[in-house]
Amino acid sequence: MLRRFRIDEHTTFAALASHVSLAAGRKLQYCDDDGDWVELNNDADLREALRAAPDADALYRVMVNDGDGG
């Protein structure tokens with residue numbers, strides 16, 4: 001399933017996880033500017049992802065996957 005929504009610097013990791021219905025045992029990851037998938041675990045990780053944005057309207061790809069990496 002593909003979803004598109006906005007987040008900003010005030011969005012918390014808990015709010016993002018709730019929005020994408022992150023279940024226990026699953027991982028939330030984003031694709032960084034090098035093309036690597038980086039795991040998001042907390043507010044600090046989310047802040048770093050947003051800080052690295054080229055501009056305020058940057059599009060991020062976020063993936064929810066099984067905890068085993070699949």
Sparse-neighbourhood loop sites, trypsin sites (Lys or Arg not before Pro) in segment 1-45 - DSSP loop, at most 12 other Cβ within 10 angstrom:
R3, R4, R6
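Return the loop-located chymotrypsin sites (Phe, Trp or Tyr not before Pro) in segment 1-40 (DSSP other than H, G, I, E, B) with at most 11 other Cβ atoms within 10 Å of their own Cβ; answer none if there are none. Spell out each step's value before the answer.
Numbers: sites: F5, F13, Y30, W37; in loops: F5.
Passing both the DSSP loop test and the Cβ count: F5.
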Could you give the length gained by full extension between W37 and T12, i.e. 0.36 nm per residue of separation minus their alpha carbon distance, to one decimal place?
7.0 nm
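Values quoted throughout were computed directly from the atomic coordinates according to the rules given, and no laboratory measurement underlies them. All figures in this text were calculated on a predicted structure; none of them were measured in a lab. Cβ coordinates were reconstructed from backbone atoms using ideal geometry, including for glycine residues, and neighbour counts include every protein chain displayed.
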